[in-house]
Amino acid sequence: MRFRLTAAVLGVLSVSMVAFSTFVYWATRHDLWQGFDAWLYRESQSLSHVVEEHANSRFVFEYQGIAAFEDRRRPAYFQFWKPDGTVMARSRWVVGGDLPRKSGDFGNPTYFWSTLPDGRRGRFMQVAFLPRGPTQSINIPPPNRQPTTIVVARGSEDVDESLGQLRLRLAGLGFLVVLGAGAAAAFMVGRELQPAVALASKIGGIDVQHLGERITVDRLPTELEPPVAKLNELLGRLDESFARERRFTSDVSHELRTPLAGLRAILEVTAARLRAPAAYQGAIDEAHVIVLQMQAMVENLLMLARLDGKQIEVLHEEVALFALVNDCWKLHAPKATERGLTFENQIPGAAIVETDRDKLRLILGNLLANAVAYTAPGGRVVVSGGAGNGVLLDVCDSGPPIPEPMMARIFERFFRAEAARSDAAAHCGIGLALVKGLCEVLALDVSAANLPDGSVRFRLAMVDADRKRAKPATPQPASRAAA
Amino acid sequence: MRVLVVEDYAPLARSVSQGLREEGYAVDLAGDGEEGLLFAESNNYDAIVLDLMLPKVDGLTVLKRLRDKGNPAAILILTARDGVSDRVSGLDAGADDYVSKPFAFEELLARLRAIIRRRYNHQDRTLRVADLEIDTVGRTVKRAARSVSLSAREYALLEYLVARSEQIVTRAEIWEHVYDFSADPSSNVVDVYIGYLRKKIDLDHPVKLIHTRRGQGYMLGVDTP
């Protein structure tokens, strides 16, 4: 870019210099030749006054000598012709023949180039005139008079030399100006491009490890400020995205390490000595549970990744909500029983919703797992809804309430109410994040709220009622499932 | 030696405590930071295996509180957080060592032995009192260059007595350092095991190493009345 800009400036400057020099040269040349011709004309006028025509075509030539025509070294020349074509007079140095003559009109001077008697190149002026008589005006030809012709010539070497010198000077000056301007242009272009070069260098120096840096350049041209501002905004977004990615990778790694450590410890401790078959069986069962938990976690992570990559295909089918809730609860019933929790499914038996069955099952499964894990022992978990009032379903538990400062963050990935595992991989902080992601795909709005009686409610509301078309159930006694 | 394991992930806590018991340690388990603090402050542990991410009170707070109160137990952090800043903050808060999850159980044992040795100012893996030698890594015992076969509990008792050699050790201290909550708390169990050790260590040797200090407890060492 620097070379191209310099070359462009030089090109424009060179063309301008050539045009300027040409103009100056031709203007000067024109003036010089005009002055030269004026001199020839003036001399011819002066010479015409030294000729008098008398009666009977008798001419009197009273030339006293004019310095220019008498100069021995580089003389000027003149010659008079009588109307009959015979030579009337000529200057001293016209030797070896006549001066050349052209045909011409009376009173109108004719200029032409030819060779002087001394061999030099010369400019000639020829004019026909009526010599003055004793009583006649020179320019009023009477009908019976013929004009006399005069040719004045002079060597053009002075003008030629002047023009030659002018050409040389203009060329030299032009060369120097272009050279100087080129250097100045290169310097100025380099100087003006310095911020752009510095900008490129700074951009080049930013890699994944330095996305937190922002581009700042001294003397940044105003034109470059908007793209740099946009670039910094882009860097900010990239930095945030990479930080989220790193945090996610770190969290995943951390959450997988704990069950892995448990698995490894079980296997190594069990293998450390010979044991009774029942001890091996116990270790295998425990390891199996951990593997299932890890599998659930990996599947949740994969689902999250697919949600991020928008690789989720949504199927629409009619789903019997009551049966689905009961089905999901079966997986959590043993744990709920262990913790002394009771369960109640208050969904009307006839409630049908058009949605993606597997994704709704995942959402419900995670909400129920969350309720079973965090409800105080001896508490209650209730699922209700399906009434077609814009609420798909509510999952309520008897508390304790979610601390208000944490309420806003519970749907964030790997966020947990306290920095510890509760049941390890099964509740590693991605369950509610997955619920939120899946709800977005199913056009559901998920929210959590602490109710005045101390219970906690997770609500799935339909964003687009037409799309989900939950069908109100006809009133009938609700079946109940309890753990 | 008595070890407290503070870990909330039950499968890991169970297997670690089982492995440690099988190595002769008396092991107590705490499932959260609050319980861990309570146990650590009310018992005299030789070592504490402490997770950092714990419910109720996090591990780093537990560590700082214990050190603030001058708890002398050797503390080994066992956690999935293995960033440099995590290690530095853990060690600066008073931990003696740091093991990242997942870990080799053998490594956990070796590090535990090392921090317990340092706690009792022993540089060598082999503890010696007169002609009695205990290899703490191989868990073997020799008296006058002859091998002595001991049960896990007998070994644990002898290791503690040797670690405290030439000092009077009370029955309560032995109880605290060699037996965990699951052990039978009958009053004469210490005396019974001391009797077993005497038979295996001192019976055939003219120089007796295990001495009774009436009304005080026991002492292992060359008797200097």
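The values are calculated or read from the model by the stated rules, or taken from the named source; none is laboratory data. Just so it is clear, the model here is predicted, and its values are computed rather than measured. Every residue, glycine as well, gets a Cβ built from its backbone with ideal geometry; the counts of neighbours run over all protein chains shown.
For the stretch A:253-270, check the following and say yes or no: at least one residue is over 30 Å from A:Ile430 (Cα atoms) and modelled with pLDDT of 80 or more.
Yes, the stretch A:253-270 has at least one match.
Taking the stretch A:195-254 as the region of interest, how many residues are more than 14 Å from chain B (Cβ to nearest Cβ), among the acidic types (Asp, Glu) and assigned to a helix (DSSP H, G or I)?
Summing the residues that are more than 14 Å from chain B (Cβ to nearest Cβ), among the acidic types (Asp, Glu) and assigned to a helix (DSSP H, G or I) in the stretch A:195-254 gives 6.
Mind counting the residues in the stretch B:174-197 that are at pLDDT 85 or above and touching a Lys or Arg at 6+ places or on another chain (Cβ under 8 Å)?
Residues in the stretch B:174-197 being at pLDDT 85 or above and touching a Lys or Arg at 6+ places or on another chain (Cβ under 8 Å): 3 in total.
Which ones in the stretch A:1-23 are crowded, with 16+ Cβ neighbours inside 10 Å and hydrophobic (A, V, I, L, M, F, W, C)?
A:Leu5, A:Val9, A:Leu10, A:Leu13, A:Met17
Looking at B:Arg118 and the list (1) more than 14 Å from every other protein chain (Cβ to nearest Cβ); (2) surrounded by fewer than 18 Cβ atoms within 10 Å (Cβ to Cβ); (3) without any contact (Cβ under 8 Å) to a residue 24 or more places away in the chain, which single condition is not satisfied?
Among (1) more than 14 Å from every other protein chain (Cβ to nearest Cβ); (2) surrounded by fewer than 18 Cβ atoms within 10 Å (Cβ to Cβ); (3) without any contact (Cβ under 8 Å) to a residue 24 or more places away in the chain, B:Arg118 violates only (3).
Specify the residue that is farthest from A:Thr258 (Cα to Cα); the eligible residues are those in the stretch B:87-120 that are part of a helix (DSSP H, G or I) and among the β-branched types (Val, Ile, Thr).
Only one residue tops the list, namely B:Ile116.
Is it the case that some residue within the stretch B:124-135 is part of a loop (DSSP other than H, G, I, E, B) and among the β-branched types (Val, Ile, Thr)?
No, the stretch B:124-135 contains no residue that is part of a loop (DSSP other than H, G, I, E, B) and among the β-branched types (Val, Ile, Thr).
Sort out which residues of the stretch A:269-297 are more than 7 Å from chain B (Cβ to nearest Cβ) and touching a residue at least 40 places away in the same chain (Cβ under 8 Å), and write them in order of number.
Residues satisfying the conditions are A:Gln293, A:Met294, A:Ala296, A:Met297.
Does A:Ser422 satisfy the condition of being touching a Lys or Arg at 6+ places or on another chain (Cβ under 7 Å), of a type in the set (S, T, N, Q) and either at pLDDT below 90 or surrounded by 15 or more Cβ atoms within 10 Å (Cβ to Cβ) (or both)?
no
Kindly establish whether B:Ala130 is surrounded by 18 or more Cβ atoms within 10 Å (Cβ to Cβ), of a type in the set (A, V, I, L, M, F, W, C) and either more than 24 Å from A:Leu267 (Cα to Cα) or at pLDDT below 90 (or both).
no
Just the residues that are within 14 Å of another protein chain (Cβ to nearest Cβ) and among the charged types (D, E, K, R), please, taken from the stretch B:1-54.
Result: B:Glu7, B:Asp8, B:Arg14, B:Arg21, B:Glu22, B:Glu23, B:Asp32, B:Glu34, B:Glu35, B:Asp51.
Here's the yes/no breakdown for (1) touching a residue at least 24 places away in the same chain (Cβ under 8 Å); (2) of a type in the set (Asp, Glu):
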site	(1), (2)
B:Arg2	yes, no
B:Val6	yes, no
B:Ala10	no, no
B:Ala13	no, no
B:Val16	yes, no
B:Arg21	yes, no
B:Leu29	yes, no
B:Glu34	no, yes
B:Gly70	no, no
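Please give the number of the condition A:Leu130 fails out of (1) buried (at least 18 other Cβ atoms within 10 Å of the Cβ); (2) at pLDDT below 90; (3) within 60 Å of the chain's Cα centre (by Cα).
(3)
From the list A:Trp93, A:Trp33, which residue is assigned to a loop (DSSP other than H, G, I, E, B) and of a type in the set (Phe, Trp, Tyr)?
Of A:Trp93, A:Trp33, the one residue that is assigned to a loop (DSSP other than H, G, I, E, B) and of a type in the set (Phe, Trp, Tyr) is A:Trp93.
When the stretch B:93-115 is examined, which residues are found to be buried (at least 16 other Cβ atoms within 10 Å of the Cβ) and under 16 Å from A:Ala265 (Cα atoms)?
Those that are buried (at least 16 other Cβ atoms within 10 Å of the Cβ) and under 16 Å from A:Ala265 (Cα atoms): B:Val99, B:Ser100, B:Lys101, B:Pro102, B:Phe103, B:Phe105, B:Leu108, B:Leu109, B:Arg111, B:Leu112.
A quick yes/no check of all residues on (1) touching a strand residue (DSSP E or B) at 6+ places or on another chain (Cβ under 8 Å); (2) buried (at least 23 other Cβ atoms within 10 Å of the Cβ); (3) of a type in the set (D, E, K, R):
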site	(1), (2), (3)
A:Gly365	no, no, no
A:Ala369	no, no, no
A:Ala373	no, no, no
A:Ala376	no, no, no
A:Gly379	yes, no, no
A:Gly388	yes, no, no
A:Gly399	yes, no, no
A:Ala408	no, no, no
A:Arg413	no, no, yes
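Looking at (1) within 14 Å of chain B (Cβ to nearest Cβ); (2) assigned to a helix (DSSP H, G or I), which is the one condition that is false for A:Ala305?
The number of the failed condition is (1).
When you look at B:Gly90, is it away from chain A (no Cβ under 13 Å) and either over 25 Å from B:Arg153 (Cα atoms) or surrounded by 22 or more Cβ atoms within 10 Å (Cβ to Cβ) (or both), yes or no? Give the derivation first.
Numbers: away from chain A (no Cβ under 13 Å): yes; either over 25 Å from B:Arg153 (Cα atoms) or surrounded by 22 or more Cβ atoms within 10 Å (Cβ to Cβ) (or both): yes.
Yes: the conditions hold for B:Gly90.
Would the stretch A:71-86 turn up any residue that is over 14 Å from A:Ala153 (Cβ atoms), β-branched (Val, Ile, Thr), free of Cβ contacts under 8 Å to residues at least 12 places away in the same chain and part of a strand (DSSP E or B)?
no
Scan the stretch A:259-268 for residues that are facing chain B (nearest Cβ under 7 Å) and either assigned to a loop (DSSP other than H, G, I, E, B) or crowded, with 22+ Cβ neighbours inside 10 Å (or both) and jot them down. It would help to see each step written out before you state the result.
Going through the stretch A:259-268, the residues facing chain B (nearest Cβ under 7 Å) turn out to be A:260-262, A:264-266, A:268.
Answer for the stretch A:259-268, where residues must be facing chain B (nearest Cβ under 7 Å) and either assigned to a loop (DSSP other than H, G, I, E, B) or crowded, with 22+ Cβ neighbours inside 10 Å (or both): A:Ala261, A:Gly262, A:Ala265, A:Ile266.
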